[in-house]
1. Scan the range 383-430 for residues that are surrounded by fewer than 24 Cβ atoms within 10 Å (Cβ to Cβ) and over 25 Å from Lys32 (Cβ atoms) and jot them down.
2. Residue pairs, Cβ under 6 Å, 6 or more apart or interchain, first in the range 120-131 and surrounded by 13 or more Cβ atoms within 10 Å (Cβ to Cβ), second not in a loop (DSSP other than H, G, I, E, B). List them.
3. Taking strands (runs of 3 or more DSSP E) that do not extend beyond the range 44-124, which have at least 3 residues that are in contact with a Leu (Cβ under 9 Å, 6 or more places away or on another chain)?
4. Do you know which of the residues in the range 219-243 that are in contact with a strand residue (DSSP E or B) (Cβ under 6 Å, 6 or more places away or on another chain) and closer than 28 Å to Pro334 by Cα is surrounded by the most Cβ atoms within 10 Å (Cβ to Cβ)?
5. Just for strands (runs of 3 or more DSSP E) wholly inside the range 224-311: which have at least 3 residues that are touching an Asp or Glu at 6+ places or on another chain (Cβ under 7 Å)?
6. Mind telling me which of the residues Leu94, Leu65, Leu79 ends up being modelled with pLDDT of 95 or more, more than 14 Å from Phe162 (Cα to Cα) and either polar (S, T, N, Q) or surrounded by 17 or more Cβ atoms within 10 Å (Cβ to Cβ) (or both)?
Amino acid sequence: MRVHFRLLLLSIFSFSFSQNIVSGQQTSISSKEVIQPETDKIFDTLIKARRTLHENPELAGKEKLTQAFIKQYLQNLGLEVQTSLYGYSVIGILKGAKKGRKIAWRADMDALPNDFPDKVDFKSKVKGVQHGCGHDVHMAIALGIAEVLAKKKNDLHGTVYFIFQPEEETFVGAKKMIENGLLSQIAPDEIYALHVTALPAGQIMVKQNEVFAYQKRVRIELKNNLSAEQIKELTNKIYTALSRAQAGTKPWEIQHITDPKIGLANPNTIFKDYLIMDAKFSNRSKNDTLSLEAELYETEAANLKTILPKIKQVIESSGYSNQLLSLSFTRENPTVMNNPKLTDIAIKTLERIYGKELLIPDYGQVPFFNDDFAFFQQKIPGVYFLLGGSNVEKGIIALNHAPNFQVDEACIKTGVNSFSSLIIERLNNK
């Protein structure tokens with residue numbers, strides 16, 4: 001990839017982190033009165049970092065220059081840095097002065113293969129590749145958290161691992177890092193991550209258990225003697241038999257996730273209790289076999305085991321039982337599953353420090369999207385947050401993977417402030 005990637009020269013601020021006294025009382029180093037000024041000091045540097053990453057995006061498996069940038073930034077902060085575990089991953093290790101918990105923060109690194117319109121002045125310099133999902137923002141926030149915490153390491157109990165993970169978009173990076181010994185090498189007690197989304201900047205959404213719907217891809221193999229009309233009729237029956245939504249709702253219209261009346265934050269959200277399925281199946285004929293495939297998204301884990309039997313029943317009732325060769329899921333990735341106890345602790349901690357207006361409830365599950373952070377959560381208790389990045393008044397809508405995807409960079413402050421405080425609290429409170 002022909003990209004001139006200029007590393008930013010990072011300044012390290014010297015600052016005394018003795019106990020702060022406000023109005024004659026001792027103030028926690030995790031309080032917003034302590035954290036926000038530190039974030040303000042480095043905000044311009046983080047903006048430059050984000051824009052450098054945005055201008056120089058790299059696809060999954062090709063994050064070489066991104067790795068070099070992250071490595072240099074973390075080394076300038078005085079962190080121990082490891083880059084040999086898997087692919088272009090980076091692990092920054094920040095050891096506090098005292099023993100305590102081991103906490104990991106994950107940020108994904110890769111960009112998307114697209115060439116959508118990009119209204120910013122710092123457009124991608126790589127044709128056909130863009131940070132159209134916000135991973136550049138995720139990395140900037142992680143670097144900001146690392147910088148804030150590095151200045152406070154003498155007051156920290158425990159160790160923080162900053163995991164910069166490649167290959168998220170292809171859903172293999174987290175799994176490969178684990179398979180290559182990540183958790184035996186760093187063994188964190190808990191792990192956190194975020195994803196910027198279309199919520200208003202300055203807000204954070206989080207919930208216990210499933211954040212996204214379960215994503216499956218079903219494959220039906222039949223003897224190759226069905227006509228085009230028979231294929232259409234059969235797939236329509238399967239679609240009708242499986243699809244489910246609340247009466248009068250369209251949960252596949254993801255642009256409504258922020259709608260106050262029907263979006264995720266409303267208890268009556270349309271984004272719960274649904275099964276969304278491709279209305280049009282892909283089909284492929286090879287030799288004597290016809291393969292039909294479709295993506296589906298189911299919110300209820302208990303319903304997953306009924307999907308294939310229902311499809312088989314439709315095939316048999318349609319008179320094609322003798323035509324059926326096989327029926328299977330070809331993709332069944334795990335979904336992001338927030339640890340209930342840890343999520344509850346995170347909510348209470350952030351509300352206590354930053355007020356209840358920071359967090360908004362999540363009553364649904366996002367369709368179409370997923371994150372391989374789920375593989376970490378299978379091994380370690382973890383929480384995944386949705387971070388608002390939109391600013392409607394400025395015409396900025398952070399709807400991932402969509403044309404004109406933009407992010408209000410003010411959300412970087414929100415992320416650094418909130419999650420620096422959360423990590424400090426988790427480290428220093430037993």
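1. Matches in the range 383-430: Val392, Gly395, Ile397, Leu399, Asn400, His401, Ala402, Pro403, Asn404, Gln406.
2. These pairs meet every condition: Phe122/Arg51; Phe122/His54; Phe122/Glu55; Ser124/Gln130; Lys125/Glu55; Gln130/Leu112; His131/His54.
3. Filter on the range 44-124 gives 90-95, 98-108.
4. Step by step, filter the range 219-243, then rank; the result is Ile220.
5. So the answer is 289-298.
6. Leu65
Okay, residues lined up against (1) assigned by TED's automatic domain parsing to the domain that holds Glu169; (2) surrounded by fewer than 18 Cβ atoms within 10 Å (Cβ to Cβ); (3) charged (D, E, K, R); (4) closer than 30 Å to Lys430 by Cα:
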residue	(1), (2), (3), (4)
Thr258	no, no, no, no
Pro267	no, yes, no, no
Ile270	no, no, no, no
Tyr274	no, no, no, no
Asn287	no, yes, no, no
Ser317	no, yes, no, no
Ala346	yes, no, no, yes
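The values are calculated or read from the model by the stated rules, or taken from the named source; none is laboratory data. Computed from a predicted model, the values in this text were never measured in an experiment. When we count neighbours, we look across all protein chains shown, and the Cβ atoms used for this are built from the backbone with ideal geometry, even at glycine.
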